[in-house]
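**Q** Have a look at this one.
The values are calculated or read from the model by the stated rules, or taken from the named source; none is laboratory data. Fair warning: this is a prediction, and the values are worked out from it, not measured in the lab. Here Cβ is always computed from backbone atoms with ideal geometry, including for glycine, and neighbour counts include all displayed protein chains. For accessibility, only protein heavy atoms count, side chains too; no ligands or nucleic acids. Shrake-Rupley method; radii C 1.70, N 1.55, O 1.52, S 1.80 Å.
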Amino acid sequence: SFLNFWKTWWIRNCTSDLVLAPILLIWSTPFSFNHRNFFSPVFFEVIVLSITVLLISLLVFTGWYGQGGHGHQKLTEHYFFFPVLLWVATRFGHRWTVLIIGLISVVAIYGTISGYGPFGSQNHIEKLLHLQIFMCVVTVTILCLSALITERKLAEAERSNLLNQLKGAVRARDDILA
């Protein structure tokens, strides 16, 4: 019994570290928000993304579309999130990725505790344990992808900067030689 308690405690702490800590750390750092961008296409994309995530969360974890009782959904429906999470990771980076994962977590916890969704038919401890493992897998996968994309964007910016410096040095050399 101690092993089960330790496993549950460890997974719970791991999940909170993976889901809650990035939200607190990333959103506590200052970022620039230009109020003129409030009506830009990117802002509307964020609104559509948020509504899409909320609808998918409600569909999968609260039994919105008439699943016929608690916990009778197929165990594959929670993978509906991956295309949307790939979208947010590739388009908006860490800041919005962790926020969307947090939104999914809140709705998933509520739905699972209420007995709905892919984890709702098991006993209380088991369903939360399976949900936490699922959220750990989703969070690690999407945050790694987001980190790789951010790193690539930074490397491309660095390469562009170095290329511009090289072009300037070649022009200066040509001016000296001419």
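**Q** Any chance region 108-120 includes a residue that's in a loop (DSSP other than H, G, I, E, B), within 16 Å of CYS136 (Cβ to Cβ) and at pLDDT 75 or above?
**A** First pass over region 108-120, keeping only residues in a loop (DSSP other than H, G, I, E, B): 114-120.
Then keep just the ones that are within 16 Å of CYS136 (Cβ to Cβ); that gives 118-119.
Filter once more, keeping what is at pLDDT 75 or above: 118-119.
Within region 108-120, one or more residues are in a loop (DSSP other than H, G, I, E, B), within 16 Å of CYS136 (Cβ to Cβ) and at pLDDT 75 or above.
**Q** Between a residue in region 1-25 that is touching a residue at least 12 places away in the same chain (Cβ under 8 Å) and any residue that is among the β-branched types (Val, Ile, Thr) and surrounded by 12 or more Cβ atoms within 10 Å (Cβ to Cβ), which pairs come within a Cβ distance under 7 Å, given they are 6 or more apart or on different chains?
**A** ILE11/ILE133; LEU18/THR139; LEU18/VAL140; VAL19/ILE101; VAL19/THR139; PRO22/VAL98; ILE23/VAL98
**Q** Residue by residue through region 1-32, note down the ones that are charged (D, E, K, R) and either within 13 Å of the chain's Cα centre (by Cα) or under 16 Å from THR97 (Cα atoms) (or both). Show your work before the answer.
**A** Filtering region 1-32 down to residues charged (D, E, K, R) leaves 7, 12, 17.
The answer is ASP17, and nothing else.
**Q** Looking at (1) open to solvent by less than 70 Å² (accessible area, probe 1.4 Å); (2) closer than 21 Å to VAL46 by Cβ, can you tell me which one TRP96 breaks?
**A** It is condition (1) that TRP96 fails.
**Q** Could you give every pair whose Cβ atoms fall below 9 Å, whose first residue belongs to region 149-162 and is closer than 15 Å to PHE92 by Cβ, and whose second residue is open to solvent by 60 Å² or more (accessible area, probe 1.4 Å) and of a type in the set (Val, Ile, Thr), counting only separations of at least 6 or pairs across chains?
**A** ILE149/THR90
**Q** Among the listed residues ILE101, ILE133, ILE176, ILE125, which satisfies the condition of being assigned to a helix (DSSP H, G or I), surrounded by 18 or more Cβ atoms within 10 Å (Cβ to Cβ) and β-branched (Val, Ile, Thr)? Steps first, please.
**A** Numbers: ILE133 fails: surrounded by 18 or more Cβ atoms within 10 Å (Cβ to Cβ); ILE176 fails: surrounded by 18 or more Cβ atoms within 10 Å (Cβ to Cβ); ILE125 fails: surrounded by 18 or more Cβ atoms within 10 Å (Cβ to Cβ).
Criteria check complete, one pass: ILE101.
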